[in-house]
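Working notes, structure below.
The values are calculated or read from the model by the stated rules, or taken from the named source; none is laboratory data. Predicted, not measured: the structure shown is a model, and the values here were computed from it. A quick note on method: Cβ atoms are made from the backbone with ideal geometry, for glycine too, and the neighbour counts reach across all protein chains shown.
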Amino acid sequence: MNPYVLMILMSSLGLGTTLTFSSSHWILAWMGLEINTLAIVPLMAQQHHPRAVEATTKYFLIQAAAAAMILFTSTTNAWISGQWDVTGMPGPATSTAMMFALALKIGLAPMHFWLPEVLQGLDLLTGLILSTWQKLAPMALIIQTTQTTDPLILTSLGIASSLIGGWSGLNQTQLRKILAYSSIAHMGWMIIVIQYAPQLTLIALGTYIFMTSAAFLTLKVLSATKINTLTTTWPKSPILAAIATLVMLSLGGLPPLTGFMPKWLILQELTKQDLPATATIMALTALLSLFFYLRLCHAMTLTTSPNTINSAPHWRVQTTQNSLPLTISVTVTMGLLPLTPAILMLTT
Amino acid sequence: MAFYLSFLMAALVGGMIAIASNPAPYFAAFGLVVVAGVGCGILVSYGGSFLSLILFLIYLGGMLVVFAYSAALAAEPFPEAWGDRVVFWRVMVYGLVVIVAAGFLLTGDTGLLMSVDAFKEFSVIRADVSGVAMMYSSGGKMLVICAWVLLLTLFVVLEVTRGLSYGVLRAI
């Protein structure tokens, strides 16, 4: 792709999210979402092979449908209430429709079916953009609008996403699909707590972005898209394989790592709100996700996979890929738990 | 006037059925043209004649491009029209859904005739024309963003469809 075109697309990606973040008017928020969708389409299809094109087409159709639903709902809202404010959504009809449109945009179950299919067709860096940057703008709108949404819908969406994200990931051998289901499960955790403590949603989103960036960048450096490939990484780059294990466990939410922080705080908040059943279900669904992360760890570090070369150490050359983003995201993924009070302060 | 408006709205829904019943792209594009034209007619009868003219010119200009592209990309030897069996049944089902929904929703006074200008012909400022003035004065920044989006869309379309042998839509 021409670097000037790439510059236009990248800056428009930034512009779209910034517009949605800074707008209090539905039309402008919708425009930001549309700019985001448009700008990522050529990036997704830049390989021009049929699988990428199929993923792009699916993504475009889904996002266009969700954006049209947002536009219709906000117009209906303006018709009923006479105002275009993002925060005020009086009436259950509009707030419910808006919640479902935004859920379709970020891929919450049961509107999640497009996400694994789309992510599987992309290369890892575009997949990284799709599962981090593209979640920001819809999540900003969700945080602003859900204060008037029916709690039953939010709880159902949250539990369904966490459950289905964990459950569907069990059967996968393709890493991008596993990461897609992990994204769905994490989104469920963010939605379940949004009405009780929106700042915990922000924390969960922030930590998820760093953790999934670490996972995607690790896979990029290892150039692995299947579990099969992962099993042969330990002789090739042992340090990265060891660290990748910790990254996966952090995504799964095990205690000394960053991933434990959002789950801990969210469970604590749910318990404080006197919702022990919801908290228990969420904790149990996290185990489902943990299973496939553990399987990745097991394949990466604890098995000696049958391979054509039977000597353990390989000849290793220094990687030519830029490793600074990987270093930063991996550090954040592994070591933020002791800073929990400071991070809580950041969002309040 | 009420009859005229009812006719236009029926034609609008009919045009949407014509698109949604999934015929060949040639005919679906024709359905879009019908919807656009009739929608502009409805705008005229609500008092937005200038807005309607602008919409008609620009939307149909875009429609022409869409028609050319869909005709070029999906060159089918035997395009399905609305009379063909599969499409015909879809038309029937959608038509039935529309009639049933209309029977439930269109009850009592629907308030079809409302002009955007409160005083009709006696208004000093026409609503649609003053809206255009607003767009160029206080909505200037929005206009800049809209122009940027159009430029972005141009680049997106060029990037997605470039190349002869690996044009994106043909790869599927």
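Which of the following residues is surrounded by fewer than 14 Cβ atoms within 10 Å (Cβ to Cβ) and either in contact with a Leu (Cβ under 9 Å, 6 or more places away or on another chain) or not assigned by the TED database to the domain that holds B:VAL132 (or both): B:ALA68, B:ALA36, B:ALA24?
Values: B:ALA36 fails: surrounded by fewer than 14 Cβ atoms within 10 Å (Cβ to Cβ); B:ALA24 fails: surrounded by fewer than 14 Cβ atoms within 10 Å (Cβ to Cβ).
Going through B:ALA68, B:ALA36, B:ALA24 in turn, just one is surrounded by fewer than 14 Cβ atoms within 10 Å (Cβ to Cβ) and either in contact with a Leu (Cβ under 9 Å, 6 or more places away or on another chain) or not assigned by the TED database to the domain that holds B:VAL132 (or both): B:ALA68.
When you check A:LEU115 against the structure, is it closer than 19 Å to A:SER168 by Cβ, touching a helix residue (DSSP H, G or I) at 6+ places or on another chain (Cβ under 8 Å) and in a helix (DSSP H, G or I), yes or no? Before the answer, list the steps.
Numbers: closer than 19 Å to A:SER168 by Cβ: yes; touching a helix residue (DSSP H, G or I) at 6+ places or on another chain (Cβ under 8 Å): yes; in a helix (DSSP H, G or I): yes.
Yes; evaluated as a whole, the condition is true for this residue.
Within segment A:100-142, can you find the residues that are more than 18 Å from A:TRP189 (Cα to Cα) and in contact with a Gly (Cβ under 6 Å, 6 or more places away or on another chain)?
A:LEU119 - this is the single residue of segment A:100-142 that is more than 18 Å from A:TRP189 (Cα to Cα) and in contact with a Gly (Cβ under 6 Å, 6 or more places away or on another chain).
Give just the number: which of (1) within 28 Å of B:VAL129 (Cβ to Cβ); (2) modelled with pLDDT of 85 or more; (3) in contact with a Leu (Cβ under 8 Å, 6 or more places away or on another chain) does B:ILE19 not satisfy?
(1)
So is A:TYR196 within 26 Å of A:PHE100 (Cβ to Cβ) and surrounded by 24 or more Cβ atoms within 10 Å (Cβ to Cβ) or not? Quick ask: steps written out before the conclusion?
Details: within 26 Å of A:PHE100 (Cβ to Cβ): yes; surrounded by 24 or more Cβ atoms within 10 Å (Cβ to Cβ): no.
The answer is no for A:TYR196.
So which residues in segment B:118-159 are aromatic (Phe, Trp, Tyr) and either at the interface with another protein chain (Cβ under 10 Å from one of its Cβ atoms) or farther than 30 Å from A:ILE40 by Cα (or both), if there are any at all? Give the derivation first.
Here is the first cut: in segment B:118-159, the residues aromatic (Phe, Trp, Tyr) are B:119, B:122, B:136, B:148, B:155.
Once the filter is applied, which keeps residues that are aromatic (Phe, Trp, Tyr) and either at the interface with another protein chain (Cβ under 10 Å from one of its Cβ atoms) or farther than 30 Å from A:ILE40 by Cα (or both), segment B:118-159 yields B:PHE119, B:PHE122, B:TRP148, B:PHE155.
Could you check segment A:315-338 and list, in sequence order, the residues that are surrounded by 14 or more Cβ atoms within 10 Å (Cβ to Cβ) and more than 21 Å from the chain's Cα centre (by Cα)?
Of the residues in segment A:315-338, the ones surrounded by 14 or more Cβ atoms within 10 Å (Cβ to Cβ) are A:323, A:325-326, A:328-337.
Matches in segment A:315-338: A:SER323 only.
Of all residues in segment A:140-171, which are under 27 Å from A:TRP26 (Cβ atoms), surrounded by fewer than 23 Cβ atoms within 10 Å (Cβ to Cβ) and of a type in the set (A, V, I, L, M, F, W, C)?
A:ALA140, A:ILE143, A:LEU152, A:ILE153, A:LEU154, A:ALA160
Quick check: anything in segment A:290-303 outside any helix (DSSP H, G or I) and within 20 Å of the chain's Cα centre (by Cα)?
Looking only at segment A:290-303, we keep the residues that are outside any helix (DSSP H, G or I), and these are A:303.
Add one more test, that the residue is within 20 Å of the chain's Cα centre (by Cα), and what stays is none.
Within segment A:290-303, not a single residue is outside any helix (DSSP H, G or I) and within 20 Å of the chain's Cα centre (by Cα).
Report, by residue number, each residue of segment A:256-274 that is in a helix (DSSP H, G or I) and not polar (S, T, N, Q). Steps first, please.
Narrowing segment A:256-274 to residues in a helix (DSSP H, G or I): A:260-272.
Scanning segment A:256-274 gives A:PHE260, A:MET261, A:PRO262, A:LYS263, A:TRP264, A:LEU265, A:ILE266, A:LEU267, A:GLU269, A:LEU270, A:LYS272.
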